[in-house]
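To start, the structure itself, in structure tokens.
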């Protein structure tokens, strides 16, 4: 088995002074931060909707664990809830669990409230992985532009707000409460800022597909990128009219 997911730190490395991440590894770290489960016995589990079984297969391929079986299970979250089909795979590795823990991805990570390591928090692929796991991309409706929202622990969402502030500028996004929980909070941007964030977060995905991404989220991100403000539409129409007159 191969578990070379994270960079190996030197003996002198600290939690915030680890080697740079490759985008593929950073992406899967983000996905595990959002949707993975780390046990106290070094089992790492990824469970998704059955329709996303192929994404679990991609994770196992990345780890070099193609022999691990993906199980399809019927689950019910409460007695009166409908059954849902889930795809699930699990690997056991002390090395992988320890590597992830150094970067804030630990057992009961939401309640632990640890931030991601600085080397992850500055990597766009890490945040794309988190969005593919726990994010929402709302498509434009009428005059309202697209919305990008991510939920997570306070420490990690503060990092996401800082990241967005750094890469798209403007006012730093607010970290907002989520109804019904004191552990999980959210960060959201909309309109032009969503488009700018997508441009950074999905860089290398739309054209060359050089970095992993969840297909259905990438499709929504691509659709969101086509949205234009009324001013942009009017400017485009004006420019087209000017070109027509000049012909």
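Laboratory data are not the source of any read-out in this text; all were calculated from the coordinates shown. This one's a predicted model, so the numbers in the text were calculated from it and none came from an experiment. Cβ atoms come from the backbone with ideal geometry, glycine included; neighbour counts cover every protein chain shown.
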Report summary line: Most exposed to least, judged by fewest other Cβ atoms within 10 Å, 108, 43 sort to 108, 43
**Report entry** Mean separation of Cα contacts under 8 Å (6+ apart) over length of the chain, as relative contact order %
**Finding:** 19
Query - Relative contact order of the stretch 57-178, defined on C-alpha pairs under 8 angstrom at six or more residues apart (%) - result: 14
Requested in this report: Pick out which of 78, 218, 92 has the largest mean-square fluctuation in a Gaussian network model of the chain, springs linking Cα atoms closer than 10 Å.
Outcome: 78
Requested in this report: Among 190, 79, 123, determine the one that fluctuates most according to a GNM of the chain built with springs between C-alpha atoms less than 10 Å apart.
Outcome: 79
Report summary line: In nanometres, the difference between 0.36 nm per residue of separation and the alpha-carbon distance of residue 107 and residue 166 is 18.3 nm
Query raised in the report: Can you give me the Cα centroid spacing of the stretch 18-71 and the stretch 178-233 in angstrom?
Result: 22
Query raised in the report: Can you list the residues of the stretch 108-122 with backbone N under 13 Å from a point 7 Å past the Cα of residue 183, pointing along Cα to Cβ?
Result: 108-114
Requested in this report: Using a 10 angstrom cutoff on alpha carbons, build the Gaussian network for the chain and name the most mobile of 235, 219, 210.
Outcome: 235
Report task. Take 117, 111 and order them by how many other Cβ atoms sit within 10 Å, fewest up front. Result -> 111, 117
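Which of rounded, prolate, oblate describes the stretch 13-99, given a ≥ b ≥ c as roots of the alpha-carbon gyration tensor eigenvalues and a/c under 1.5 marking rounded, otherwise prolate only if a/b is larger than b/c?
In terms of gyration-tensor shape, prolate.
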**Report entry** Contact order relative to length of the stretch 125-231, as percent, for alpha carbon pairs under 8 angstrom and 6 or more apart
**Finding:** 30
Query - Expected 222 nm ellipticity per residue - DSSP helices of 4 or more, -39500 (n - 2.57), all of the chain, to 500 - result: -12500 deg cm²/dmol
Query raised in the report: Taking square-rooted eigenvalues a ≥ b ≥ c of the alpha carbon gyration tensor, is the stretch 99-247 rounded, prolate or oblate, where a/c under 1.5 means rounded and, failing that, a/b exceeding b/c means prolate?
Result: prolate
**Report entry** Estimated inter-spin distance, residue 144 and residue 215, nm [label 7 Å along Cα→Cβ]
**Finding:** 2.9
